[in-house]
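Engineer: Here's a structure for you.
The values are calculated or read from the model by the stated rules, or taken from the named source; none is laboratory data. On a predicted model such as this, the values are computed, not experimentally measured, just so you know. Neighbour counts are summed over all protein chains in view; Cβ atoms, including those assigned to glycine, are modelled from backbone coordinates with ideal geometry.
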Amino acid sequence: MIKDLNINKKYLYLITPTSILVNNKKFKNFLIILDKILKTKKIKFLQLRLKKKNKNLVLYCLKKINFICKKYKVITFINDYVNNEILNFCDGVHLGQKDITKKKINLIINKKKLLGISCNNSKNFVNKSIIYNPNYISFGSFFKTKTKKTKYIASLKNINWFKKKFDIPCAVIGGINLNNINKILETDFNLLAVCSGIWDYKDGPVEAVNLIYKLLNKKK
């Protein structure tokens, strides 16, 4: 999957909104919209990001989302949650620095799942994370975001530093939208992770995906 990526190409990585578990009706509407988005065939990765939720509810959402992702051949990641049952319904796990444990890493490896690791804005975190042989690392947040508290603004220079030093995909995340994306496009990242910049776009998420995809694939 990730091994097949063209290292000279940029891919769109969709992050789910954090509000999808508010009620069952809202979740059903979300699935309808998600199907329309993935039907464009312009999303390569999707991450289910639900913090501090009941694991049974997370598993329920993951099964529904993974079903749609499989239909459109989208690689599915789960944020943080790691157990045997959850790993049966995703392609990989994304871990933050505070979420990394030896037990989680071993389980992910034993289940032959993909691994993504957040390195925030730290070269030190990168060097510590590489020992786990991640399939990608991510830098962020690059802009203020409503998804989580922004403690700092990541440096664009770290992306190019990473790509020169390591031969694995680099993801960028954090407050990226159509108003600020041009700054990010100047760097050598591989995966563009977007949440509210797609879900909250004034003309709808499908249109946001179309516009961002066009920019990612614009010939220089």
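Engineer: Report, by residue number, each residue of the stretch 43-58 that is touching a residue at least 12 places away in the same chain (Cβ under 8 Å) and surrounded by fewer than 17 Cβ atoms within 10 Å (Cβ to Cβ).
Structural biologist: If the condition is that a residue be touching a residue at least 12 places away in the same chain (Cβ under 8 Å) and surrounded by fewer than 17 Cβ atoms within 10 Å (Cβ to Cβ), then 51, 53, 55, 57 are the ones that fit.
Engineer: Among the residues of the stretch 152-159, are any more than 18 Å from residue 45 (Cα to Cα) and modelled with pLDDT of 95 or more?
Structural biologist: No, the stretch 152-159 has no match at all.
Engineer: Which of the residues belonging to the stretch 85-113 are out of contact with any helix residue (DSSP H, G or I) (no Cβ under 7 Å at 6 or more places or on another chain), of a type in the set (D, E, K, R) and part of a loop (DSSP other than H, G, I, E, B)?
Structural biologist: Residues satisfying the conditions are 91, 112.
Engineer: Okay, moving on. Yes or no: residue 163 more than 19 Å from residue 48 (Cβ to Cβ), free of Cβ contacts under 8 Å to residues at least 24 places away in the same chain, part of a helix (DSSP H, G or I) and among the charged types (D, E, K, R)?
Structural biologist: On the way: more than 19 Å from residue 48 (Cβ to Cβ): yes; free of Cβ contacts under 8 Å to residues at least 24 places away in the same chain: no; part of a helix (DSSP H, G or I): yes; among the charged types (D, E, K, R): yes.
Answer is no for this residue.
Engineer: Can I ask one more? Quick check: is even one residue across the stretch 60-73 surrounded by 14 or more Cβ atoms within 10 Å (Cβ to Cβ), of a type in the set (Phe, Trp, Tyr) and in contact with an Asp or Glu (Cβ under 9 Å, 6 or more places away or on another chain)?
Structural biologist: Checking the stretch 60-73: at least one residue is surrounded by 14 or more Cβ atoms within 10 Å (Cβ to Cβ), of a type in the set (Phe, Trp, Tyr) and in contact with an Asp or Glu (Cβ under 9 Å, 6 or more places away or on another chain).
Engineer: Another question about this same structure. I need the full set of residues from the stretch 194-212 which are small (Gly, Ala, Ser) and farther than 10 Å from residue 177 by Cβ, in order please. Quick ask: steps written out before the conclusion?
Structural biologist: Residues of the stretch 194-212 small (Gly, Ala, Ser): 196-197, 204, 208.
Result: 204, single match.
Engineer: Within the stretch 67-81, how many residues are of a type in the set (Phe, Trp, Tyr), modelled with pLDDT of 95 or more and not in a helix (DSSP H, G or I)?
Structural biologist: At the first step, the residues of the stretch 67-81 found to be of a type in the set (Phe, Trp, Tyr) are 67, 72, 77, 81.
Add one more test, that the residue is modelled with pLDDT of 95 or more, and what stays is 67, 72, 77.
Going one step further and asking which of them are not in a helix (DSSP H, G or I), we end up with 72, 77.
So the count comes out to 2.
Engineer: Taking the residues in the stretch 34-71 that are basic (Lys, Arg) and touching a Phe, Trp or Tyr at 6+ places or on another chain (Cβ under 6 Å) as candidates, determine which candidate is farthest from residue 190 (Cα to Cα). Break it down stepwise before answering.
Structural biologist: First pass over the stretch 34-71, keeping only residues basic (Lys, Arg): 36, 39, 41-42, 44, 49, 51-53, 55, 63-64, 70-71.
Checking the rest, the ones that are also touching a Phe, Trp or Tyr at 6+ places or on another chain (Cβ under 6 Å) come to 42, 44, 63.
Working: 42: 14, 44: 11, 63: 27 Å.
So the residue we want is 63.
Engineer: Residues 9, 64: which one is of a type outside the set (S, T, N, Q) and assigned to a helix (DSSP H, G or I)?
Structural biologist: The unique qualifying residue is 64.
Engineer: Of the numbered conditions (1) within 27 Å of residue 26 (Cβ to Cβ); (2) of a type outside the set (Ser, Thr, Tyr); (3) part of a helix (DSSP H, G or I), residue 177 fails exactly one; give the number of that condition.
Structural biologist: For residue 177, the exception is condition (3).
Residues are listed down the side, and each one gets a yes or a no for (1) touching a strand residue (DSSP E or B) at 6+ places or on another chain (Cβ under 9 Å); (2) under 30 Å from residue 106 (Cβ atoms); (3) not hydroxyl-bearing (Ser, Thr, Tyr):
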| site | (1), (2), (3) |
| --- | --- |
| 120 | yes, yes, yes |
| 135 | yes, yes, yes |
| 141 | no, yes, no |
| 155 | yes, no, no |
| 165 | no, yes, yes |
| 183 | no, no, yes |
| 217 | no, no, yes |
